[in-house]
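A short worksheet on the structure shown next.
The values are calculated or read from the model by the stated rules, or taken from the named source; none is laboratory data. Just so we're clear, the structure is a prediction, and the values are computed from it rather than from any experiment. Using ideal geometry, Cβ is built from the backbone for each residue, glycine included, and neighbour counts are taken over all protein chains shown.
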Amino acid sequence: MERLSRHIKSKPAYPERILQIGEGNFMRGFVDWQIHRLNEETDFNGSAVVVPPRRGSVQAINEQDGLYTLYLEGFQEGREIRESVVITSISRGVNSYEHYDGFMAIADLPDLRFVFSNTTEAGIVFLEEDRLHDRPQRSFPGKLTALLYRRYRTFQGSGDKGLVVLPCELLEDNGRKLKEIVLRYADLWELEKGFADWLDHANVFCNTLVDRIVPGYPQEQARELEAAAGYRDSLIVKAEPYHLFVIDGPDWLQDELPFQQAGLNVEFVDDVAPYRLRKVRMLNGAHTAMTPVAYLAGFETVREAAEDETIGPFIQELIEHEVMPTIDLPNQQLHTYMGEVLDRFRNPFIRHRLIDISLNSFAKFKVRNVPVLEEYWKQTGKLPGRTVFALSALIYFYQGRRAGENIPLADDPETLGLLKRLWTENKDPANIAGGVLASERLWGQNLNGIPGLADQVAAHLRDIESTGMKKALEKMMSSQMAGLGDI
């Protein structure tokens, strides 16, 4: 069987308008797919030169002429989606460690306009030892600064040769932080003031939020998919249909990147923060809340939990009645997003194990769920019953046993030690609840200061211990529906 290339799939010769730092599954399943759609549906007419941020390989990309197959599988608006497309938006790959001159020459491309990156949250970092003469610089911002300086000099500081930088790292204020580091390198390397002025006036660094589950290369299905397609493809990517790209940028950017004309779920906004909060609390927070409840009820995956007749409503009601009131976005928009989240939880093509989500659960609960608890209390004077139950389930989960078997808890040693000590030394749930809530190391504060919280957590711990998770959950759900609160 022949390998996917131009010989099998024709490929338009688009101008190289994009530098893409990051060759991995997410970028190919998210950014390159959207560029492909722009080319197909609008007059965007551009391709991406792909550069690994570290010592990655671009051999497969070049051997396949930048072509690869993307498979989208999942639920969307209540219906099953299964479709595939050969992506044609990558022109070539360049390895800056092996061909540094080729990497720097990208700065001289007259049509270059955009930079997309995904170097993980640890990639946007300042390394004091990076220097302009390094080949290459170790950090992504260092490489970007060197390339921008080369472009500044090549085009003599022309105002129409600046770039639009859209970092896709899951980091708050990612664009602002990246620009700050680039300017810091310009200062460290003692580059002329005109370069810093050009960075400010001719270039745009956008804060962004990206959202799509991209499991990546389907190892178990690869041969089957290749046989059906009729070619070999070592770059196959699988992703869910859902996607969201939120961009904080100038109004004119919508004309240069007409994502919405291509039917893509892209929002151009003045502030990414509410959308980040929506994702963290409604998607990630629901994951964190459901995990100990569903796992202790005997389930293994997110899909199984979301489809259960008790846990499914628990998740939806937690989002709708407790999380959504704490987010400052239009109600209809929040309801639409909730539907999308629930569809994603029920995706039959992604096996998202609850035990994997449980990694460092207390740290996640602190960031994702405790703010909901506090804001709901401030708004209503009441405790959010489902969130409190999830907290109780989390504490019980860290007892470390399910149906007589050990739970493979994964957390830092101090957290595990604290919970083990509390569960070993105490028989009264009130002492366990009070001890966990009092830990400033876990929460950054003493949560016993929230009136009634310790009593409700202790009551749930007693119910879980005496009746099991499923019946304790049903009891809590019944009391919430009856408007009685927790008992």
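Report the residue count in the range 236-286 for those that are assigned to a helix (DSSP H, G or I) and aliphatic (A, V, I, L, M).
Step one: list which residues in the range 236-286 are assigned to a helix (DSSP H, G or I), which gives 253-256, 260-262, 273-286.
With the extra rule that they be aliphatic (A, V, I, L, M), the set shrinks to 253, 262, 273, 277, 280, 282-283, 286.
Qualifying residue count for the region: 8.
Within the range 5-38, can you find the residues that are crowded, with 24+ Cβ neighbours inside 10 Å, in a loop (DSSP other than H, G, I, E, B) and touching a Leu at 6+ places or on another chain (Cβ under 7 Å)?
If the condition is that a residue be crowded, with 24+ Cβ neighbours inside 10 Å, in a loop (DSSP other than H, G, I, E, B) and touching a Leu at 6+ places or on another chain (Cβ under 7 Å), then no residue fits.
State all residues of the range 315-352 that are basic (Lys, Arg) and either out of contact with any strand residue (DSSP E or B) (no Cβ under 6 Å at 6 or more places or on another chain) or surrounded by 15 or more Cβ atoms within 10 Å (Cβ to Cβ) (or both); if no residue qualifies, say none.
Once the filter is applied, which keeps residues that are basic (Lys, Arg) and either out of contact with any strand residue (DSSP E or B) (no Cβ under 6 Å at 6 or more places or on another chain) or surrounded by 15 or more Cβ atoms within 10 Å (Cβ to Cβ) (or both), the range 315-352 yields Arg344, Arg346.
Kindly check whether there is at least one residue in the range 452-461 that is assigned to a helix (DSSP H, G or I), in the same structural domain as Leu354 (by TED's automatic domain parsing) and under 29 Å from the mean Cα position of the chain (by Cα).
no
Looking at Glu80 and the list (1) at pLDDT 95 or above; (2) out of contact with any strand residue (DSSP E or B) (no Cβ under 7 Å at 6 or more places or on another chain); (3) surrounded by fewer than 19 Cβ atoms within 10 Å (Cβ to Cβ); (4) over 19 Å from Val165 (Cα atoms), which single condition is not satisfied?
Result: Glu80 passes all but (1).
All but one of (1) of a type in the set (Phe, Trp, Tyr); (2) touching a Cys at 6+ places or on another chain (Cβ under 8 Å); (3) in a loop (DSSP other than H, G, I, E, B) hold for Phe44; state the number of the condition that does not hold.
(2)
Out of the range 303-343, which residues are under 18 Å from Arg79 (Cα atoms), in contact (Cβ under 8 Å) with a residue 12 or more places away in the chain and among the β-branched types (Val, Ile, Thr)?
Val341
Among the residues of the range 33-48, is any in the same structural domain as Gln219 (by TED's automatic domain parsing) and in contact with a Gly (Cβ under 6 Å, 6 or more places away or on another chain)?
Scanning the range 33-48 turns up no residue that is in the same structural domain as Gln219 (by TED's automatic domain parsing) and in contact with a Gly (Cβ under 6 Å, 6 or more places away or on another chain).
Among the candidates Trp377, Trp423, which residue alone is among the aromatic types (Phe, Trp, Tyr) and farther than 19 Å from Ala472 by Cβ?
Going through Trp377, Trp423 in turn, the sole match is Trp377.
Is it the case, given these coordinates, that Tyr295 is surrounded by fewer than 24 Cβ atoms within 10 Å (Cβ to Cβ), assigned to a helix (DSSP H, G or I) and at pLDDT below 95?
no
Checking Glu304 against (1) of a type outside the set (Val, Ile, Thr); (2) out of contact with any Lys or Arg (no Cβ under 6 Å at 6 or more places or on another chain); (3) not in a helix (DSSP H, G or I): exactly one of these is not met. Which one?
Here Glu304 clears every test but (3).
Somewhere in the range 419-432, is a residue more than 30 Å from the chain's Cα centre (by Cα), surrounded by 19 or more Cβ atoms within 10 Å (Cβ to Cβ), within 26 Å of Asp356 (Cα to Cα) and without any contact (Cβ under 8 Å) to a residue 60 or more places away in the chain?
Yes, some residue in the range 419-432 is more than 30 Å from the chain's Cα centre (by Cα), surrounded by 19 or more Cβ atoms within 10 Å (Cβ to Cβ), within 26 Å of Asp356 (Cα to Cα) and without any contact (Cβ under 8 Å) to a residue 60 or more places away in the chain.
Give me a count of the residues in the range 58-113 that are under 21 Å from Ala222 (Cβ atoms), in a loop (DSSP other than H, G, I, E, B) and touching a Ser or Thr at 6+ places or on another chain (Cβ under 7 Å).
Residues that pass the stated criteria total 4.
What residue, of Ile8, Ile81, is touching a residue at least 12 places away in the same chain (Cβ under 8 Å) and under 22 Å from Val266 (Cβ atoms)?
Ile81
Given (1) within 25 Å of Asp255 (Cβ to Cβ); (2) aliphatic (A, V, I, L, M); (3) modelled with pLDDT under 95, where does Met1 come up short, assuming only one miss?
Only one criterion is unmet by Met1, namely (1).
State all residues of the range 55-72 that are exposed (fewer than 15 other Cβ atoms within 10 Å of the Cβ) and either at pLDDT below 95 or more than 21 Å from Ser96 (Cα to Cα) (or both); if no residue qualifies, say none.
Residues satisfying the conditions are Arg55, Ser57.
If we scan the range 30-49, do we find a residue that is aliphatic (A, V, I, L, M), at pLDDT 95 or above and closer than 30 Å to Ala306 by Cα?
In the first step, residues of the range 30-49 are kept if they are aliphatic (A, V, I, L, M); the result is 31, 35, 38, 48-49.
Next, from what is left, pick out any that are at pLDDT 95 or above: 31, 35, 38, 48-49.
Subset that is closer than 30 Å to Ala306 by Cα: 31.
Yes; the residues of the range 30-49 include at least one that is aliphatic (A, V, I, L, M), at pLDDT 95 or above and closer than 30 Å to Ala306 by Cα.
Any residue at all in the range 51-65 that's over 30 Å from Gln137 (Cβ atoms) and either touching a Pro at 6+ places or on another chain (Cβ under 7 Å) or of a type in the set (Lys, Arg) (or both)?
Taking the range 51-65 as the starting set, the residues that turn out to be over 30 Å from Gln137 (Cβ atoms) are none.
Looking for residues that are over 30 Å from Gln137 (Cβ atoms) and either touching a Pro at 6+ places or on another chain (Cβ under 7 Å) or of a type in the set (Lys, Arg) (or both), one finds none in the range 51-65, hence no.
Tell me, which residue of the range 118-174 that is crowded, with 21+ Cβ neighbours inside 10 Å, out of contact with any Pro (no Cβ under 8 Å at 6 or more places or on another chain) and hydroxyl-bearing (Ser, Thr, Tyr) is farthest from Val50 (Cα to Cα)?
This residue is Tyr152.
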